[in-house]
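The block underneath contains the structure these notes are about, expressed in structure tokens.
The values are calculated or read from the model by the stated rules, or taken from the named source; none is laboratory data. Every value quoted in this text rests on a predicted model; they were computed, and no experiment measured them. For neighbour counting, all protein chains shown are included, and Cβ atoms are generated from backbone atoms with ideal geometry for every residue, glycine included. Quick note on the areas: whole protein, heavy atoms, side chains included, nothing else; ligands and nucleic acids left out. Shrake-Rupley method; radii C 1.70, N 1.55, O 1.52, S 1.80 Å.
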Amino acid sequence: MIKSNEFTQPITNIGGIYGQVSWPGYIHKQKRVEGGRHIGDDYNGPGGGNTDLGYDIFAVANGVVEKVIYWNQKAGYGNHLFVKHELSPYLQKKYGCVKVFSHYAHLESFRCFEGQEVTKGQVIAKLGNSGTRFAHLHLEIRKPTGRGYEDYPSNQSVDWI
């Protein structure tokens, strides 16, 4: 696998709002209504609502698709997937780990399969609204804890993507 030395945004044409609320096209939300934490970032296309269904979702860095999970028709992440990224020596030193996982949720469909090597910017899925009301991409970057793709999310901001 080619080591990741830089990251990119997961969609183009970021903008719009999420449904009937004023969440902008890219938002880093920390508090959830239920009182829990919302670790990750949500991305909307320029039209907001469900106008961005089917937008291309890109791998944020070089990696290997670790897990593809189909929605069980209950609330939650919907269709989602994990990509494992081995970091360059520079990023290993900066973030204190050898690898990270990117987690993409609420997908309409997949354009990749488990075990597939992907490159930064490659289309890996289509934006959807599975597991949620309005279409958007939920992206998390997870640091390893020894449990593979099930690693607990890092509490660090993903502003380095």
Self-check item: Over 26 Å between alpha carbons, listed pairs 3/143; 93/126; 74/94; 3/67; 67/126; 94/126
Solution: 93/126; 74/94; 94/126
Practice problem: Compute, for residue 143, the solvent-accessible surface of its heavy atoms (probe 1.4 Å) with the complete set of protein chains present, and express it in square angstrom to the nearest 10. | Solution: 50 Å²
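Leaving out ligands, DNA and RNA, what percent of the accessible area of region 55-110 is carbon and sulfur, probe 1.4 Å? Write down the numbers at each step before the final one.
Values: 1310 of 2470 Å².
Carbon-and-sulfur percentage of accessible area, whole number: 53.
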Quiz item: Using the Cβ atoms and a cut-off under 13 Å, what net charge is assigned to the surroundings of residue 12, where Lys and Arg are +1 and Asp and Glu are -1?
Solution: -2
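Compute the FRET efficiency between residue 95 and residue 116 as 1/(1 + (r/R0)^6), taking r as their Cβ-Cβ distance and R0 = 25 Å, and round to the nearest 0.05.
On the way: r = 24 Å, r/R0 = 0.98.
Efficiency, from the Cβ-Cβ distance: 0.55.
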